[in-house]
1. Residues LEU101, LEU87, LEU71: which one is touching a strand residue (DSSP E or B) at 6+ places or on another chain (Cβ under 6 Å), hydrophobic (A, V, I, L, M, F, W, C) and open to solvent by less than 30 Å² (accessible area, probe 1.4 Å)?
2. I'd like the full set of residues that are among the small types (Gly, Ala, Ser) and either open to solvent by 80 Å² or more (accessible area, probe 1.4 Å) or in a strand (DSSP E or B) (or both), limited to segment 19-47.
3. Looking only at segment 125-155, count every residue that is part of a loop (DSSP other than H, G, I, E, B), open to solvent by 90 Å² or more (accessible area, probe 1.4 Å) and within 25 Å of LYS82 (Cα to Cα) and tell me the total.
4. Looking at GLU47, GLU79, GLU111, GLU93, can you tell me which residue is of a type in the set (Asp, Glu) and touching a residue at least 12 places away in the same chain (Cβ under 8 Å)?
5. For the structure I just gave you, tell me whether ASN158 is without any contact (Cβ under 8 Å) to a residue 60 or more places away in the chain, loosely packed, with under 14 Cβ neighbours inside 10 Å, of a type outside the set (Ser, Thr, Tyr) and under 20 Å from ILE72 (Cα atoms).
Amino acid sequence: MIDLYGLENQVNHNPYVENSSVFLHIDGTLKTIVKQRTPIARIIDKEGSYYIDTQGVKMPLSDNYSARVLLIWGVKKEESYKEIVALVNRILEDDFLKKELVGIHQLDNNEYQFVVRSGNYTIDFGKLINIDVKFKKLKAFYNKAFQDKTIQEYKTINVKFHNQVVCTK
């Protein structure tokens with residue numbers, strides 16, 4: 001006799017497994033369906049480094065595989081994971097942002113700062129309000145700055161303020 005419930009429980013306790021089903025097929029063969037967790041970000045904090053998945057659940061790093069995901073640091077409380085997951089999902093939905101943003105720093109005042117792939121500057125994003133408007137402003141600025149090749153002249157790009165992008169050189 002095989003304890004299917006116990007076996008399924010054991011598989012579900014694997015930190016990389018989101019959900020599983022263990023059952024006997026009608027011909028007597030043992031079948032297992034496993035849904036793996038998908039890491040969307042790597043958190044670096046005082047506890048160390050770990051991934052979070054699409055539901056904000058912690059996952060340990062793997063010895064066999066390193067996921068190419070956004071790096072996030074400065075997170076003080078796990079309660080922030082829900083808003084971080086929403087932000088990361090919004091970034092992953094956009095082809096340009098997905099390629100351009102490589103890191104997110106949560107500041108002490110619950111504002112966010114992005115690290116980019118294309119240069120030595122940061123983006124001050126502010127609090128997570130009016131996200132779509134801020135990303136729209138940022139992309140419009142990028143279009144202009146890439147066109148006239150001035151993007152490398154900036155140290156910070158700030159989209160926190162209403163209807164404007166403020167930059168420092």
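The values are calculated or read from the model by the stated rules, or taken from the named source; none is laboratory data. In this text the structure is predicted, and so the values were computed from the model without any measurement. Here the Cβ positions follow ideal geometry from the backbone for every residue, glycine too, while neighbour counts run over all protein chains shown. These accessible areas exclude ligands, DNA and RNA; they are computed on the full protein's heavy atoms, side chains included. Shrake-Rupley method; radii C 1.70, N 1.55, O 1.52, S 1.80 Å.
1. LEU101
2. SER20, SER21, ALA41
3. Here the count works out to 3.
4. Selected residue: GLU111, the only one of GLU47, GLU79, GLU111, GLU93 that is of a type in the set (Asp, Glu) and touching a residue at least 12 places away in the same chain (Cβ under 8 Å).
5. Against the criterion (without any contact (Cβ under 8 Å) to a residue 60 or more places away in the chain, loosely packed, with under 14 Cβ neighbours inside 10 Å, of a type outside the set (Ser, Thr, Tyr) and under 20 Å from ILE72 (Cα atoms)), ASN158 does not qualify.
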